Amino acid sequence: MKTGGSGDVIPSEDAAHLLQVEEVSVSFGGIRAVSQVSFDLDQGCCGLIGPNGAGKTTLLDTLAGIHTPREGRIRLDGHDLTGQSSTWRAQHGIRRTFQRHQAFGWLTVEENLLVALEWRGRTRRILADLVATPSTRRRRRAHAGRIEHVLELCGLLQVRHQRAATLPIGQVRLMEFARAIVDEPRLLLLDEPTSGLGPEDTERLGSVVREITATGTCAAVLVEHDLDFVMDVCDRMIVLVLGEVLAAGDPAEVCRDPEVISAYIGVA
Ligand SMILES: Nc1ncnc2c1ncn2[C@@H]1O[C@H](COP(=O)(O)OP(=O)(O)OP(=O)(O)O)[C@@H](O)[C@H]1O
């Protein structure tokens, strides 16, 4: 991992996990939203489930650098990134998707992906560059293969030239997912990605999440209320209740746990 301009990264002495969450607690005033949560992730997709107010989004936001933990540490590839900004984390391969979409509506689907691909490591001129100068055209050609592949993977080839604002919500969500994976992140943080998707798009999204997290180069943490989707794409599951880990492990086993059934599945 490279250090960012402002970043002092501290290597862990332990064998590095891709993601290591160590006794992380997050509070808002007197509310302890996340309490002493620890887990590792090396590959695959880890589902984060639990009732409303359990602390799932807070934990995801903390991994993304939106909140700072009151206690604990977060490491990526062994490097401590607890105090790093969300921009720094994004530049080092962490991508977070949001429940509310954040597409550039006036750009086409393909341009949205190009912006995402070019953003990494750069902070200026990207939108301005979309007016095609010769250097922009050269860069577009260099990125064309990757964009083509991701458009195909996400079922967006046919709408590649449509403006994002004109797409139905299901395709906007798939495009947002495509933007998150186009520059091959190390860690994806997915916040209720099936929200607003119909069964066909949900199935496609599930197969893309499975495919990209099966390569071993990208892992994902998924917050999702659709338990069928979690069971379909996750090889691991963590159940949070009132900010604490109630159960963790193989999804099928976790779902059979009587405490999990009583605290969440019975009411989900
Ligand atoms: N910005 C904030 N300021 C104050 N309290 C907050 C803030 N964000 C979350 N909380 C509180 O922290 C706790 C955990 O909330 P969080 O949104 O993380 O839960 P969640 O499991 O994602 O819930 P849901 O499934 O409803 O989205 C809740 O009590 C919530 O009210």
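Residue pairs whose Cβ atoms lie under 7 Å apart, sitting 6 or more positions apart in sequence or on different chains, and linking a residue in the range 35-63 that is more than 22 Å from Asp228 (Cα to Cα) to a partner that is more than 6 Å from the ligand (Cβ to nearest atom) and assigned to a loop (DSSP other than H, G, I, E, B), are Ser35/Gly243; Asp40/His17; Asp42/His17; Asp42/Leu18; Thr58/His67; Asp61/His67; Thr62/Pro69.
For the range 231-244, give me each residue that is touching a Pro at 6+ places or on another chain (Cβ under 8 Å) and under 23 Å from Gln36 (Cβ atoms).
Cys234, Arg236, Met237, Val241 - these are the residues of the range 231-244 that are touching a Pro at 6+ places or on another chain (Cβ under 8 Å) and under 23 Å from Gln36 (Cβ atoms).
When you go through Gly44, Gly72, Gly29, Gly78 one by one, which is the residue that is out of contact with any strand residue (DSSP E or B) (no Cβ under 9 Å at 6 or more places or on another chain) and over 24 Å from Ser262 (Cα atoms)?
The match here is Gly29.
Filtering the range 38-63 to residues that are hydrophobic (A, V, I, L, M, F, W, C), within 12 Å of the ligand (Cβ to nearest atom) and closer than 17 Å to Ala247 by Cα leaves Leu48, Ile49, Ala54, Leu59.
Contact annotation: residue pairs with Cβ atoms under 7 Å, 6 or more positions apart or on different chains, pairing a residue in the range 235-254 that is without any contact (Cβ under 8 Å) to a residue 40 or more places away in the chain with a partner that is assigned to a helix (DSSP H, G or I), are Ala247/Val254; Ala247/Glu259; Ala247/Val260; Val254/Val260. Checking the stated criteria, Gln91 turns out not to satisfy the condition of being under 26 Å from Ser195 (Cα atoms) and modelled with pLDDT under 90. Of all residues in the range 72-101, those satisfying the criterion of being buried (at least 19 other Cβ atoms within 10 Å of the Cβ) and within 22 Å of Val37 (Cα to Cα) are Ile74, Arg75, Leu76, His79, Leu81, Gln84, Arg89, Ile94, Arg95, Arg96, Thr97. Going through (1) modelled with pLDDT under 90; (2) touching a Cys at 6+ places or on another chain (Cβ under 9 Å) one by one, Thr217 falls short only on (2).
Restricting the range 216-249 to residues that are open to solvent by 60 Å² or more (accessible area, probe 1.4 Å) and out of contact with any strand residue (DSSP E or B) (no Cβ under 7 Å at 6 or more places or on another chain) leaves a set whose member that is nearest to the ligand (Cβ to nearest atom) is His225.
Scanning the range 26-37 for residues that are surrounded by fewer than 15 Cβ atoms within 10 Å (Cβ to Cβ), of a type in the set (Gly, Ala, Ser) and within 9 Å of the ligand (Cβ to nearest atom) returns a single hit, Gly29.
Suppose the filter is in the same structural domain as Cys46 (by TED's automatic domain parsing) and surrounded by fewer than 20 Cβ atoms within 10 Å (Cβ to Cβ); does Pro193 pass it?
Answer is no for this residue.
The values are calculated or read from the model by the stated rules, or taken from the named source; none is laboratory data. The structure displayed is predicted, hence computed values, not measured ones. Counting neighbours? That spans all protein chains shown, and the Cβs are built from the backbone with ideal geometry, glycine included. For accessibility, only protein heavy atoms count, side chains too; no ligands or nucleic acids. Shrake-Rupley method; radii C 1.70, N 1.55, O 1.52, S 1.80 Å.
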